[in-house]
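Enquirer: Let me begin by handing over the structure; questions about it come next.
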Amino acid sequence: MFRVWSAFGFFTFALCCIVSRLFWWQVIASDDLQRQAQSQYYLQFTLPANRGEILSSDGSPIVINQPAFLVYAEPKKITDVLSFSKKISTVIKREPEEISDQISLPNRVWVPLARKIETPIVEELKKLNLPGLGFEKDTKRFYPEASMAAHTVGFVGSDENGEDRGYFGLEGYYDRELHGKDGKIQQEKDVRGAPILVGDAKRFDPENGRNIILYMDRAIQYNTEKRLQEGIETYGAKEGSVVIMDPKTGGILAMASYPSYDESTYTEFSKDLYKNPIVAGSYEPGSTFKTLVMSAGLEEKRITPTTIMNEDGPVTIGEYAIRTWNDQYHGPITMSKILEYSSNVGMVYIANKLGKDTLLRYIHEFGFGSPTGIDLEEETSPDIREDRLWGDIDIATASFGQGIAATPIQMVRAVAALANDGWLMQPQMVKELVDTYGKRVIIKPKKIRQVVSANTAHVITEMMVSAVDLGEAKWAKPKGYRIAGKTGTAQIPVAGHYDAKKTIASFVGFAPADDPKFVMLVTLREPTSSQWGSETAAPLFFTIARDLFRYWGLPAQ
Amino acid sequence: MHRIIHGMSLILPVIGVFLMITQLFISNFLVSASKSTLLLDQEIADIREQNEILRQQVGQETSLSRIEENALGLGLVKSNHIFTLTPPNVAYNRSL
């Protein structure tokens, strides 16, 4: 009986061992074993999506992709780590000690060594014939026009997961549209790694990023950057910017600023340069602002072009005295003459006619104090203090563009309204989005509001034409063209007071005045050849305007 | 009944052998087709890469800086004197 029970106990014990072992394999280790099995009989790889391209208005490439590779090491296949590190260090430009430390880390089967390596360098590495050195396909951005439009375009870096991500400009704003979605293939494979056609297969095609087509004209952008560079050198300015916009659509035809950076080697430049000063930098507009205040006065019918005021000396407001820029006073003058002479005293007269509430309303209606909504990542807007905090002196100085901050894009958009029958448009970089299948999404121009009537816009246009023809910058104006514009010379606030020697010289205008094709703002910070806008920014504006007339075949009128 | 069973016992093995041989041929065909598919996929990937390289080269050669450089090298010069002969619409005013 004992032997029977012993045998029974033994077999029961053996059965329990088998069952528990089966439980271990089929339940506890099941996931891990499935993964291992899948890796043996499943072929699995990612189909990378191509990042969308950025094209100019005529379809010319501004940013495209080029083949690149991720270079990696498989430490288990490397026999001599030091020799391996030394051989590849000169090619991928990393310290050999750094590479060998990385490869020597324990339990590493795969070590990334360098990303975004271009094909010629990869060919050089392949010639070394090093076991344990591998390459995985990747892409990298390529800029056929080099660093042109760097601030507008932005750059592609990595996010916290090592994935490509756009930063600043268009790459940042349109990152989701440009990024696309990687695909995947999972297919049963045979012992040699070939796919089994009748086997289990799953395929998710990649969705390439959408291409974006800009309003930007490549030739105008190229020329504008060259002229700005020449202007910076000629006038000895520290910084400068030019923005050219189509007043009817809000489309940005060109946007250039100095200093700039090269987006293909962005890590070599200071981070301060990444932000586009045209949408993220603020300045006091100075006398260019007078056109807007004047148009407000005309719209409210507080003044007409022939209304007379007596410019007989400085105006006192509290403890302050407002003078003209050259301390010259012309006696009885019309509103048109106020713009021609760029009279601060005259502008204070108009501000008083408008009153604080109305003036502030127009400042907001022209778009100041809030972002324009342009499709660039880093746009900001300087705050405008609350209405109740504005004193008499603030209103007076705001009437000639001091004591109020704006971005260049806000300023050019506001003046563009005067060129567009009073309609304020949303500035826009991108005209169309195109997917891989050719399907186009057109981004329509967006009208924000009509700030002044068409009649007022036409009247102020004539006054601005007169300001150009008879004002301080008349010597530089191209003959035969009707250009509406205004010079500006704003003192720069430094530590709570204005520095008399440091100015931002600017000129804003549009042409041809009767049917404007472009509106342009030129700013030069701290020009040293002359502090005045009429002698620096204005001639630069007219030079670029001449180029545009020639480019578009616009004859003299 | 006996004849039917006898007949089936002769036919069924023949059918079985025929199906086995067919399966061998089809499997063999699929293996070589699989290999071709793999090679085609590789070729597609290579052509895509070539296209990207060509697009990069075309972009570089047609860039404005390259065009300007080549134009200056060929002896073209920038003109500083532009004359406008007539304003537009003059011909429209003329009656024939």
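Enquirer: Quick check for you: which residues of segment A:134-167 have the amide N under 18 Å from the point 7 Å beyond the Cα of B:Ile53 toward its beta carbon?
Expert: A:135-143
Enquirer: Between B:Leu40 and A:Asp312, what is the label-point separation in nm under the 7 Å Cα-to-beta-carbon projection?
Expert: Modelled inter-label distance: 9.5 nm.
Enquirer: With a/c under 1.5 counting as rounded, go ahead and sort segment A:474-537 into rounded, prolate or oblate using the C-alpha gyration tensor (a ≥ b ≥ c being the square roots of the eigenvalues; past the cut-off, prolate if a/b is larger than b/c, else oblate).
Expert: prolate
Enquirer: Let me ask something else. PRE reach from A:Tyr320 (point 7 Å along Cα→Cβ): which of segment A:332-370 fall under 19 Å by backbone N?
Expert: A:342-364, A:369
Enquirer: Based on the alpha-carbon gyration tensor of segment A:1-148, what equivalent-ellipsoid semi-axes (square roots of 5 times the eigenvalues) come out, in whole Å, largest first?
Expert: Ellipsoid semi-axes (Å, largest first): 54, 24, 10.
Enquirer: A further question on this structure: Multiply the residue gap between A:Asp547 and A:Glu233 by 0.36 nm, knock off their C-alpha separation, and tell me the result in nm, one decimal place.
Expert: Computed gain between A:Asp547 and A:Glu233 is 111.2 nm.
Enquirer: Another question, then. Compute the acute angle (0 to 90°) between the alpha-carbon long axis of helix A:537-552 and the principal axis of greatest extent of the alpha-carbon atoms of chain A; round to the nearest 10°.
Expert: That works out to roughly 70 degrees.
Enquirer: Further question: Please give the contour-minus-distance gain from A:Lys137 to A:Val4: 0.36 nm per residue of separation, less the Cα-Cα distance, rounded to one decimal in nm.
Expert: Working: separation 133, 0.36 × 133 = 47.88 nm, distance 6.83 nm.
Value of the extension gain: 41.0 nm.
Enquirer: If you line up the long axis of helix A:30-41 against the longest principal axis of chain A, both from Cα atoms, how many degrees apart are they, to the nearest 10?
Expert: Between the helix axis and the principal axis of chain A, the angle is about 90 degrees.
Enquirer: Can you list the lysines whose alpha carbon is less than 24 Å from that of A:Lys353, not counting same-chain residues fewer than 8 positions off?
Expert: By straight Cα distance, A:Lys353 reaches A:Lys290, A:Lys301, A:Lys337, A:Lys486.
Enquirer: Quickly work out the A:Ile18-to-A:Asn161 label distance, labels modelled 7 Å from Cα along the C-beta direction, and quote it in nm with one decimal.
Expert: Spacing of the two 7 Å Cα→Cβ label points: 4.7 nm.
Enquirer: Moving to a separate point now. Once the dipole of chain A is set up with Lys and Arg at +1 and Asp and Glu at -1 on Cβ about the Cα centre, which of A:Ser466, A:Gly367, A:Ala29 lies farthest towards its positive end?
Expert: A:Ala29
Enquirer: Shifting gears a bit: Using a simple spin-label model with points 7 Å from Cα along the Cα→Cβ vector, what separation in nm is obtained for A:Asn455 and A:Lys301?
Expert: Output for this residue pair reads 0.8 nm.
Enquirer: Taking just the C-alpha trace of segment A:418-485, give me its Rg and Dmax in Å.
Expert: 18.0, 55
Enquirer: Separate question: Give me the distance between the Cα centres of segment A:221-264 and segment A:506-557, rounded to whole Å.
Expert: Taking the Cα centre of segment A:506-557 as reference, the centre of segment A:221-264 is 12 Å away.
Enquirer: What's the FRET efficiency of A:Glu97 with B:Leu74 using the Cβ-Cβ distance as r and R₀ = 45 Å, to the nearest 0.05? List each step's numbers first, then the result.
Expert: Values: r = 51 Å, r/R0 = 1.13.
Rounded to the nearest 0.05, the efficiency is 0.30.
Enquirer: Now a separate question. What's the FRET efficiency of A:Tyr72 with A:Thr265 using the Cβ-Cβ distance as r and R₀ = 25 Å, to the nearest 0.05?
Expert: 0.60
Enquirer: With charges only on Cβ, +1 for K and R and -1 for D and E, what is the dipole size of segment A:349-479 about its Cα centre, in debye, rounded to 20?
Expert: 500 debye
Enquirer: Moving on to the next point. Could you tell me which of rounded, prolate or oblate describes segment A:87-207, using a ≥ b ≥ c as the square roots of the eigenvalues of the alpha-carbon gyration tensor, with rounded for a/c under 1.5 and, failing that, prolate when a/b is larger than b/c and oblate otherwise?
Expert: Oblate.
Enquirer: Please work out how much length the chain gains when fully extended from A:Thr436 to A:Ala219, using 0.36 nm per residue of separation minus the C-alpha to C-alpha distance, in nm with one decimal.
Expert: Working: separation 217, 0.36 × 217 = 78.12 nm, distance 2.64 nm.
Taking 0.36 nm per residue and subtracting the Cα distance, the gain is 75.5 nm.
Enquirer: For chain A, what are Rg and Dmax over the alpha carbons, in angstrom?
Expert: 33.1, 136
Enquirer: Using only Cα atoms, tell me the angle between helix A:218-235 and the longest principal axis of chain A; keep it within 0 to 90° and round to the nearest 10.
Expert: Tilt of helix A:218-235: around 60 degrees.
Enquirer: Local charge sum around A:Ala146 (other residues, Cβ-Cβ under 13 Å, Lys/Arg +1, Asp/Glu -1)?
Expert: In short, -2.
Enquirer: Got a sec? Which residues in segment A:302-317 would a label at A:Tyr329 touch, if it sits 7 Å along Cα→Cβ and we count backbone N under 19 Å?
Expert: What the label zone holds, given the 19 Å backbone N cut-off, is A:308-317.
Enquirer: Would you mind working out the magnitude of the charge dipole of the protein assembly as shown relative to its Cα centre, with +1 at each Lys and Arg C-beta and -1 at each Asp and Glu C-beta, to the nearest 20 Debye?
Expert: 1440 debye
Enquirer: Could I ask something else about it? Could you work out how far the C-alpha centroid of segment A:1-17 sits from that of segment A:268-287, in angstrom?
Expert: 86 Å
Only the coordinates and a few stated rules stand behind these numbers; no lab work does. No experiment lies behind these values; they were computed from the predicted model shown. Methodologically, a virtual Cβ is constructed for each residue, glycine included, from the backbone with ideal geometry; neighbour enumeration extends over all protein chains shown.
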